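Each reported figure results from applying straightforward, stated rules to the coordinates on display, with no laboratory input. In this text the structure is predicted, and so the values were computed from the model without any measurement. All Cβ positions, even for glycine, are placed from backbone atoms using ideal geometry, and neighbour counts span all protein chains on display.
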Amino acid sequence: MTDWLLSGLANSGIPLLFMTTFLSCLMVPVPSSLLMLAAGAFAAGGDLSIGAVLLAAYLGAVSGDQTGYAAARLARGPIDALFAGKARAARMMETARSRLDRRGGLTVFLTRWLMSPLGPYVNLTAGATGFSWMRFSMASAAGEAVWVTIYAGLGWAFATNIEMIADLSGSITAGLAAAFVATLLGRHLLRSLHHAR
């Protein structure tokens, strides 16, 4: 699939980049970061406009974030009804709601670029818990600007070594996301052990 997308980028370019970043924010497993790197490299070679690359990737990502948030927001009533009879699930939703109220803007911002594999889940959680649309949108817009600039910029700067940069950036992002999840699970486990005593 990656080879097909990369060859499609040479032909379809900007619309394909928009759709890929849009779909990646909706949990569709597409190599959006790799495509942005490649698009940046194509722009460095003069095959694409760097402005169009940045704009398409940015608009696709922000649109994907908004779609995920809106879908979960629309489903909020049924989700609350589903959890109504389940004490543990209701507590989890309340915990997510209170944590987003405290640190939601920073969480949304960081999961756009630093821990991007978690981004689609944060979109859904923010919508389902009723997190402020304005705070979500501002943090999403800022974070996606960082994500797009980093990846398209790396592709532009290292056009001749694109494979090395793709491998390195994928490893760093996956490692940060795994460390974040491990930290959350560790805190939850310690808290559970403390309450058990």
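Applying 1/(1 + (r/R0)^6) with R0 = 45 Å to the Cβ-Cβ distance of Ala84 and Asn11, what FRET efficiency is obtained, to the nearest 0.05?
Taking R0 as 45 Å, the efficiency between Ala84 and Asn11 is 0.35.
What number do you get for the stretch 36-86 when its Cα radius of gyration is normalised by 2.2 N^0.38 Å, N = residues?
1.91
Order of Trp4, Trp113 from fewest to most other C-beta atoms within 10 Å?
Starting with the residue having the fewest Cβ neighbours, the order is Trp4, Trp113.
Which residue, chosen from Ala139, Gly51, Leu114, occupies the Cα position most advanced towards the positive end of the dipole of the stretch 16-174, where the dipole is computed from +1 (Lys, Arg) and -1 (Asp, Glu) charges on Cβ about the Cα centre?
Ala139
Taking θ = phi - 60°, what integer Hz values does the Karplus form 6.51 cos²θ - 1.76 cosθ + 1.60 yield along the stretch 30-42, in sequence order, with x for Gly and Pro?
10, x, 5, 5, 5, 5, 5, 4, 5, 5, x, 5, 4
Going by how many other Cβ atoms sit within 10 Å of their own, how do Tyr151, Tyr69, Tyr58 line up, fewest first?
Result, fewest neighbours first: Tyr58, Tyr69, Tyr151.
Quick query: amide H of Val30 versus all other amide H atoms, modeled in the peptide plane; which residues come in under 5 Å with a sequence gap of 5 or more or a different chain?
Here nothing satisfies the definition.
Any idea what diffusion coefficient the stretch 16-129 gets from Stokes-Einstein, in µm²/s, Kirkwood Rh on alpha carbon pairs, 4 °C, 1.567 mPa s?
Translational D for this selection: 85 µm²/s.
Note down the magnitude of the dipole of the stretch 44-125 about its Cα centre, charges +1 on Lys and Arg C-beta and -1 on Asp and Glu C-beta and zero elsewhere, to the nearest 20 debye.
Rounded to the nearest 20 debye, it is 520 debye.
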